[in-house]
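Asker: Let me begin by handing over the structure; questions about it come next.
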Amino acid sequence: MTIQVDRRSFLMRSGLVLGAAALSRAQAVYAERLDAQDSPGGDWDWVRRQFNTEPGYAHLAGFFLASHPTPVRAAIERYRNQLDANPIRYWVQNRLDREADMAAAAGTYLNVPGKDIAFTDSTTMGLGLVYNGMSLKPGDEVLTSDHDHYATRMSLQFATARNGATLVHAPLYKRSRDTTVAEIVESVTSRISPVTRIIALTWVHSKTGLRLPVRAIADALAPFNVNRSEDERILLCIDGVHGIGAAAGNPAEIGCDVFIAGTHKWIFGPRGTGLVWAAPHAWPRIAPTIAPFGKHEPPGSLHTPGGFHSFEHRWSVVEAFAFHQQIGTQRIYDRVAHLNNHIKHTLAKMKHITLHTPLDDNLSAGIVCFEVDGLGPDETVDKLLTKRIIASKAPYEPSYNRLSAGLLNNEDDIEKSLAAVAALA
Ligand SMILES: Cc1ncc(COP(=O)(O)O)c(C=O)c1O
């Protein structure tokens, strides 16, 4: 059976990506491998069976940290055995090929040249490397929002404390639940000044479930950059961790200049993996922080922290990207939207629930955030756990509860969880 990304369209896309250059070994091998995969179609039970999650629970916090699906577990095991048998010899013989495989797989998934991707251990590490490395000086401004994860906030605080640039925080909306694209775009553009150099935002907010209209922000930003030199051009940097693998849109489609994400959440890659992509005009604005390992080709591998890593994990991210392609990326986005929209719209009708995720389906993705009247976020998590529902609370002030459905779930999980939340009244 042919998978969603068939060989022909893959080759055309790779051609665009690589220009006139022949496909590299890794890209050709990856393309053949994708072509040979059978698609499970819409068999979501098959997909669910690829995960070893504890039975009897509705896992509605899977977005936090990946459970490894079968192909990822198998690859980790394979590499671990080889590394245990002969660590340095296996590493020397395989490292460059495995890194090329990672670039081919991530580049294909994001539809960008693999050489423009740096590999990290997490979103947090990527944010630190990007913001720490940004060329900024006193008088420059960095614009961010009031709603980003502490990893963005703290990375920006550390960086601007060192380089003397000014950090500007803007609220993006009055009420997340009923915000609009126009309100968000206006909130960003009204704070841009002649000295704004970076806009640091988050694609899908883990505080409220808001999916930021990044494309609309990028379009509104374009006129501000028209007469700026490359050094002064405003770079739109996005923490994409809860968008990648959950919502449609690669970096070109959403229109950002720098894209930072972990691949150990919605991508279901090995725990301890992540990436940074930057456009060719943006990488020169970011200085490397950590020495790369041995042979490094700029920009991606120059910005990939060196040192020995848990290679069995990092190399196996290839299997996670291939798993998404096998199922069909659009199918996954549709599934995530379908399940979470059902959660959101059902919660919105409950009188004892205050929903914080936007009701507009174009402004939400895979996370639904809410409060229960009379219950604190910890109490809600505990009460749901007694019914074998794994919910979560967000690490923000104020903190809201979250239900998030994805490949780990079926419709029964959702109905059971909604019934349990209804019973909290
Ligand atoms: C929006 C956002 N950014 C960054 C992170 C940190 O991700 P990582 O664990 O990959 O560093 C999280 C954590 O879930 C998050 O919600």
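Just so you know, all these numbers are worked out from the coordinates, no wet-lab data involved. Please read these numbers as outputs of a predicted model, since none were measured by experiment. Cβ sites come from the backbone with ideal geometry, for glycine too, and all protein chains shown count toward neighbours.
Asker: Normalising by the residue count of the stretch 335-425, find the relative contact order in percent from Cα pairs under 8 Å and 6+ residues apart.
Answerer: 30
Asker: Here is a further query. Collect residues whose amide H, placed 1.01 Å from N in the peptide plane, falls under 5 Å from the amide H of THR120; neighbours closer than 5 in sequence don't count.
Answerer: The answer is GLY274, LEU275, VAL276.
Asker: Checking the cross-link filter: which lysines have an alpha carbon closer than 27 Å to that of LYS115, excluding same-chain neighbours under 8 positions apart?
Answerer: In chain and number order, the partners are LYS265, LYS295.
Asker: What residue among TRP266, GLY240, VAL226 has its Cα farthest toward the positive end of the dipole of the stretch 225-283, where the charges are +1 on Lys, Arg and -1 on Asp, Glu, each on the Cβ?
Answerer: Among TRP266, GLY240, VAL226, the one farthest towards the positive end of the dipole of the stretch 225-283 is TRP266.
Asker: Can you give the Rg and Dmax of the stretch 70-162 based on its C-alpha atoms, in angstrom?
Answerer: Just the Cα atoms of the stretch 70-162 yield Rg and Dmax of 18.3, 55 Å.
Asker: Across all directions of projection, what mean area in square nanometres is found for the Cα convex hull of the stretch 90-221?
Answerer: 9.9
Asker: Treating the beta-carbon of each Lys and Arg as +1 and of each Asp and Glu as -1, no other charges, what is the dipole magnitude of the stretch 18-151 about its Cα centre, to the nearest 20 debye?
Answerer: Value, rounded to 20: 520 debye.
Asker: Using a cut-off of under 20 Å, list every residue of the stretch 205-225 whose amide N is near the label point 7 Å from the Cα of ASN362 along the Cα-to-beta-carbon line.
Answerer: 205, 209-223
Asker: Report the Rg/Rh value for the chain, based on alpha-carbon coordinates and the Kirkwood definition of Rh.
Answerer: In the chain, Rg relative to Rh is 0.96.
Asker: Percent of Cα-Cα pairs more than 23 Å apart in the stretch 262-345, please.
Answerer: 41
Asker: Further, regarding this structure: Taking square-rooted eigenvalues a ≥ b ≥ c of the alpha carbon gyration tensor, is the stretch 117-320 rounded, prolate or oblate, where a/c under 1.5 means rounded and, failing that, a/b exceeding b/c means prolate?
Answerer: Note, shape of the stretch 117-320 comes out oblate.
Asker: If the only charges are +1 at each Lys and Arg Cβ and -1 at each Asp and Glu Cβ, what is the size of the charge dipole of the stretch 340-379 around the Cα centre, to the nearest 20 debye?
Answerer: 200
Asker: Let me ask something else about it. Counting other Cβ atoms within 10 Å, keep those with at most 11, restrict to DSSP loop, and tell me which chymotrypsin sites (Phe, Trp or Tyr not before Pro) in the stretch 294-353 are left.
Answerer: Sparse-neighbourhood loop chymotrypsin sites (Phe, Trp or Tyr not before Pro): PHE308.
Asker: What residues have an amide H closer than 5 Å to that of SER364, excluding those fewer than 5 places away on the same chain, when H is modeled at 1.01 Å from N in the peptide plane?
Answerer: Amide H neighbours of SER364: ARG211.
Asker: Can you pull out the GluC sites (Glu not before Pro) in the stretch 152-249 that DSSP calls coil and that have at most 12 other Cβ atoms within 10 Å?
Answerer: The qualifying sites are GLU230.
Asker: I'd like to compare 197-207, 345-355: which one has the highest average count of other Cβ atoms within 10 Å, and what's the full order after that?
Answerer: Highest mean packing first, the order is 197-207, 345-355.
Asker: From the backbone phi of the stretch 130-138, what are the Karplus-calculated ³J(HN,Hα) couplings (6.51 cos²θ - 1.76 cosθ + 1.60, θ = phi - 60°) in whole Hz, Gly and Pro given as x?
Answerer: Residue by residue, the stretch 130-138 yields 5, 6, 5, x, 5, 6, 9, 9, x Hz.
Asker: Where the centre of each part is set by its Cα atoms, how far does the stretch 349-413 sit from the stretch 115-166, in angstrom?
Answerer: 29
Asker: A further question on this structure: Can you sort SER190, SER155 so the residue with the fewest Cβ neighbours within 10 Å comes first?
Answerer: SER190, SER155
Asker: From Cα coordinates alone, what are the radius of gyration and Dmax values for the stretch 284-387 in angstrom?
Answerer: Rg and Dmax of the stretch 284-387, Cα atoms, are 21.2, 60 Å.
Asker: When the convex hull of the Cα atoms of the stretch 330-422 is projected onto a plane and the area is averaged over all directions, what value comes out in nm²?
Answerer: 5.8
Asker: Quote the charge dipole size of the chain about the Cα centre in Debye, to the nearest 20; the model charges only the Cβ of Lys and Arg (+1) and of Asp and Glu (-1).
Answerer: Value, rounded to 20: 380 debye.
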